[in-house]
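Everything on this sheet refers to the single structure shown next.
Since every read-out is calculated from the coordinates, none of them should be taken as a lab result. For clarity, every value in this text was computed on a predicted model and none was experimentally measured. Note that each Cβ is placed from the backbone with ideal geometry, even for glycine, and that neighbours are counted across all protein chains shown.
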Amino acid sequence: MEIVNGELKVSKKILSEDYEVPQINPGSVQYILKPGDFIGLSKLSEKENDEIQKICGKSDSDSRQFKVAMGTRALPGQFPWVVALGDEQAYCTGTIISSRHIITAAHCVSEYSYKFLPCRDATISLDPSKLKISYGGVCLRYDKDWCLEGRDMKSAKVRKVMLPKHFNDNGCENGGDIAILELDQDLEFNEKTKPICIGHFSSTFEGQLFDLGFGRDEGMWSFT
């Protein structure tokens, strides 16, 4: 799934026979914080977790049409856990995992002097308050030439970011391309905004996976 001309589109399907959830050692992570904020992410209460388990991973759309390339526009509510990093111009994709936590890629919150692999001179001294996510819809742009029905996404600010140290230290090549964003305020869940389910560390998965993203489709200009 990708953003083309400001719209979220289904574009790719992948199959996986074995999948293991990566584990992160708490002592090997680093944080991007506002001045004076505490180190660490806020935990969910038992009640919050119970509510997530009731609604996670459930789409209110009955569409089952997917294409590998040149995909059709995703429907509102079809993938309610997908978010864009950025406002009108998205540069990365994230996934809602709780009312205040988003999972994304570490390279999306890092800057590099050399952006090819191996990456070089990574810096993460950005201000998390300048980060935004867009959620709850399929079209980012305000321009109706690209979004016929207009922008249908809401925005939320990021409070802090956590990512593993070894990803950038190892030239972005040895795994660990993951980051967790904590939002300033909790998202309100509805039919267009829901979390994805997360498997247990010992879980294995056999079945169909979909690669979702805000980016570029073949043969078309990207506005992300």
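For Gly40, what is the net charge nearby, where nearby means another residue's Cβ is under 10 Å from its Cβ and Lys, Arg count +1, Asp, Glu -1?
For residues surrounding Gly40, the net value is 0.
Using amide H atoms built in the peptide plane, which far-off residues or other-chain residues are under 5 Å from Arg120 H to H?
Counting only residues 5 or more places away or on other chains, the set is Ser113, Tyr114.
Sequence-distant or interchain residues sharing an amide H contact under 5 Å with Val83, placed H: which?
Gly94, Thr95, Ile96
Say the cut-off is 32 Å between C-alpha atoms; which of Lys132/Lys165; Lys34/Lys58; Lys115/Lys192; Lys54/Lys115; Lys165/Lys192; Lys58/Lys157 go over it?
Among Lys132/Lys165; Lys34/Lys58; Lys115/Lys192; Lys54/Lys115; Lys165/Lys192; Lys58/Lys157, the Cα-Cα distance tops 32 Å for Lys34/Lys58; Lys115/Lys192; Lys54/Lys115; Lys165/Lys192.
I'd like the Karplus ³J(HN,Hα) series for the range 41-46: coefficients 6.51, -1.76, 1.60, θ = phi - 60°, whole numbers in Hz, and an x wherever there's a Gly or Pro.
9, 6, 8, 7, 7, 4
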